[in-house]
There are 2 protein chains.
Amino acid sequence: MATIYEVAALAGVSPATVSRFFNGTTVSPEKQRAVREAAAKLAFTPNKTARRLRKQSSEVVALLIPDIENPFFTALARGVEDRAQEAGFSVVLCNTDDDPGKELRYLQIAASEQMAGVILAPASDEADLGAIASLGSPVVAVDRTTPYPVDAVKVDNRAAGIAATTALFDAGHRRIACIAGPVGIEATEDRFLGWRQVMTARRAAMPDGFLQHANFRADGGHAAMQRLLALPEPPDAVLTTNNLMGVGALQAVVEAGADPARFGLAVVGELPFLFLTPRSVVQVRLPARHLGTTAASMLLERIGGDTQPPRTVVLRAELAR
Amino acid sequence: MATIYEVAALAGVSPATVSRFFNGTTVSPEKQRAVREAAAKLAFTPNKTARRLRKQSSEVVALLIPDIENPFFTALARGVEDRAQEAGFSVVLCNTDDDPGKELRYLQIAASEQMAGVILAPASDEADLGAIASLGSPVVAVDRTTPYPVDAVKVDNRAAGIAATTALFDAGHRRIACIAGPVGIEATEDRFLGWRQVMTARRAAMPDGFLQHANFRADGGHAAMQRLLALPEPPDAVLTTNNLMGVGALQAVVEAGADPARFGLAVVGELPFLFLTPRSVVQVRLPARHLGTTAASMLLERIGGDTQPPRTVVLRAELAR
DNA sequence: GAAGTCCATGAAATCGATTTCGTCAAGGAG
DNA sequence: CTCCTTGACGAAATCGATTTCATGGACTTC
């Protein structure tokens, strides 16, 4: 790998001039040509590490998501990537597994790698954004918010929960259970609150056991659904507050021999790779990719020097079909 | 962010000693304590950029995959990540979209970022590994091989194609079509060859149109299936050479009103988030995660200085159920 | 007790870019 | 014609770590 010094020597100019050439400062035409030729001959690529050390910043942003195997987050990641790419930034994807420890580690890495910024779907409220924020790197929270004053992009989760539950009511269901995510995650908690609000307003019964907490994956939804079906008086419909739990729940319904077209299922999110799903399944489509592009845009503005007070953008989810 | 100099000053030692403390060289107990305390007080984190510049290497590996929204590749990525994590490495995920241009760009970035190594599912044979290889960073090809002499981890794709096709035969199908991926991708081409081998051996007819090429995504499989169903004498079964094309094909079968439990469908790979799929669907399970961990292990060995000649590891796929 | 090892340590060089500062020459104003 | 501004450009400092080299003291060994 050729260095700027070798290029300078070959071109008969100083390293400073080579640097200027590559960074757009004015350089006389003859020297431009000399540098261009020398660089081409040596296949020179500027060393990003050296540049980063000197400039104290990079063209890399970190994206921290809880689960890379969840299509919601990969779609979101696609959005971030596309937008960042346009602006000449690379994206580093990090899997936090909803583990605050891993999250913290990645945040520290982002800091010590001098990344230009961080987009984070926080695993917990404790996310030590303090560390990052005090560092000057901008942070944008996505999908979930944090108590720290940073930009955020989220979905109107309460409304999503309300829409989904209402749709189940409209389909004639009354005994509607809810499979919610782990406690403490604002996004899915709001969806659960939407469910409760509708249930209360419609004076529907919410017996013990109708609220199940589960991990965010399919196995969690599956187990929770089995618990619901084992109740003395099981529900005739269920709302899951994310997509993968919906997959697991549907699986459990099918396994139990119930007719999935009869049993009411509503999902906040989309059942991924949907094809044989009964039409009766209610889905509230979340703008995953859009969340990503919006978050990336906001981050890029901050990186560009925007210093307005933190904003929160709320996107609407819409009932599919 | 505190620097090593500030720590040194506070601890009353030289920067060299601080560096030695953090890198495990012998330092007297008193100075160890002094450095530890100073570092703690200043919340010192070593600047990775400076370290990387000096050491000419980093603890980051790049993983280049064609499609982050394909569960096969995310599972693979998980494998890579888990293994790398254990060894203290971070993984940077890059989406090549099966675009040789993007792939080349990311390879150059990997080079100029002085990444410790690259794991690559090549988008094309032209992948300019020359650039990377000449650089000294080790490279491991995964899922697909390349003409360059690098380590590789792949699946016995021919056998997978044979197993899937044979299963369709065993289920009584004779008019079996094949939806293959784009030409030039070795992995799926081998699967197609497996199909042809079985068809030839069993003297089954392979009329024009029974071989369809499609892009690797669900929409490609969907369109290809529609073309197959529109044939004057359509097939009664189909093999798709990857998972997402299988999703699309199944969708098309259902839409066309055919009974998916009757129409034979075999997929090399797994239908993701499978639940209502007819039991009759044949799936050849690919060890996605295992491909990832194996590739990561091989890469880590190379990073560790292993210089044996390039190896190719072939994993077996097994018929599901 | 002299000579030879070994080890902890600090000073200074180093990685490869960017950037400040100063110089020098050309061009414009008075 | 002289003074001043402007712009190109090179020398050298800088970013923050690692690493080489030199030194001085403690410890062995004969």
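Give the ranking of A:Arg203, A:Arg311, B:Arg51 by solvent-accessible surface, highest area first, calculated with a 1.4 Å probe.
A:Arg203, B:Arg51, A:Arg311
Within the stretch A:176-197, what residues put their amide N at less than 19 Å from the label point 7 Å along the Cα-to-Cβ vector of A:Ala256?
Within reach of a label on A:Ala256: A:176-181.
If DNA, RNA and ligands are ignored and the probe is 1.4 Å, what is the ranking of A:Arg144, A:Arg33 by accessible area, most exposed first?
Sorted descending by solvent-accessible area, the residues read A:Arg33, A:Arg144.
Hey, in the GNM for chain A with a 10 angstrom Cα cutoff, which one of A:Pro207, A:Pro235, A:Pro71 fluctuates hardest?
With Cα springs under 10 Å in chain A, the top fluctuation among A:Pro207, A:Pro235, A:Pro71 is at A:Pro207.
Given the options B:Ala288, B:Ala34, B:Ala87, state which has the largest fluctuation in a GNM of chain B using a 10 Å cut-off (strictly under) for Cα springs.
B:Ala34
Report, by chain and number, residues whose modeled amide H sits under 5 Å from the one on A:Val142, excluding near sequence neighbours (fewer than 5 apart, same chain).
A:Leu120, A:Ala121, A:Val153
Give the cross-link partners of A:Lys102 among the lysines, using a straight C-alpha distance below 25 Å as the criterion and excluding same-chain residues fewer than 8 apart.
Cα-Cα hits under 25 Å: A:Lys154, B:Lys41, B:Lys48.
Calculate the spin-label point distance for A:Arg105 paired with A:Ala204, positioning each point 7 Å from the Cα along the beta-carbon direction, and give it in nanometres.
A separation of 4.2 nm, rounded to one decimal place.
Search the structure for amide H atoms under 5 Å from the amide H of B:Leu286, placed 1.01 Å from N in the peptide plane, and list their residues when 5 or more places away or on another chain.
B:Gly269, B:Glu270
Considering only the label points, 7 Å along Cα→Cβ from Cα, what distances in nm to one decimal separate A:Gly184 from the same position in each other copy, shortest first?
With the label placed 7 Å along Cα→Cβ, A:Gly184 yields 5.0 nm.
Kindly report, to the nearest 10 Å², the accessible surface of B:Asp143 as traced by a 1.4 Å probe over protein heavy atoms only.
10 Å²
Compute the label-point distances linking B:Arg279 to its equivalents in the other copies; points lie 7 Å from Cα along Cα→Cβ; give nm, one decimal, shortest first.
2.8
Between A:Thr45 and the same site in the other copies, what are the distances in nm, shortest first, taking label points 7 Å from Cα along the C-beta direction?
When each copy's label point is compared with this one, the spacings are 2.7 nm.
How large is ³J(HN,Hα) for each residue in the stretch B:171-179, as worked out from phi by the Karplus curve 6.51 cos²θ - 1.76 cosθ + 1.60 (θ = phi - 60°), to whole Hz, x for Gly and Pro?
7, x, 7, 10, 8, 9, 9, 9, 9
Tell me the per residue accessible area of chain A using a 1.4 Å probe; a whole number in Å² is fine.
42 Å²
Taking 8 Å as the Cα distance limit and 6 or more residues as the minimum spacing, I'd like the relative contact order of chain A as a percentage.
Relative contact order here is 17 percent.
Which residues' amide hydrogens lie under 5 Å from the amide hydrogen of B:Ala317, considering only partners 5 or more residues apart or on another chain, with H built in the peptide plane?
Sorted by chain and number, the residues that satisfy this are B:Asp156.
Could you grab the relative contact order for the stretch B:1-85? Cα pairs under 8 Å, six or more apart, rounded to a whole percent.
26 percent
Quick one: net charge of B:Leu239's neighbours, Cβ under 14 Å, K/R +1, D/E -1?
+2
In whole Hz and in residue order, list the ³J(HN,Hα) couplings for the stretch B:55-61 that follow from phi through the Karplus curve 6.51 cos²θ - 1.76 cosθ + 1.60, θ = phi - 60°; x for Gly and Pro.
Ordered by residue, 3J(HN,Hα) equals 7, 6, 6, 10, 9, 10, 10 Hz.
Each residue of the stretch B:31-48 in turn: what ³J(HN,Hα) in whole Hz from Karplus with 6.51, -1.76, 1.60 and θ = phi - 60°, glycine and Pro shown as x?
Per residue, the Karplus-derived 3J(HN,Hα) values read 5, 3, 4, 4, 5, 4, 5, 4, 4, 5, 4, 8, 6, 6, 10, x, 6, 5 Hz.
Given the options B:Asp190, B:Asp151, B:Asp208, which has the most mean-square fluctuation in a GNM of chain B, springs set between C-alpha atoms less than 10 angstrom apart?
So, out of B:Asp190, B:Asp151, B:Asp208, the one fluctuating most is B:Asp208.
The values are calculated or read from the model by the stated rules, or taken from the named source; none is laboratory data. Just so we're clear, the structure is a prediction, and the values are computed from it rather than from any experiment. Heads up, the Cβs are rebuilt from the backbone with ideal geometry, glycines too, and the neighbour counts pull from every protein chain shown. Areas reflect the complete protein model, heavy atoms only, side chains present, ligands, DNA and RNA absent. Shrake-Rupley method; radii C 1.70, N 1.55, O 1.52, S 1.80 Å.
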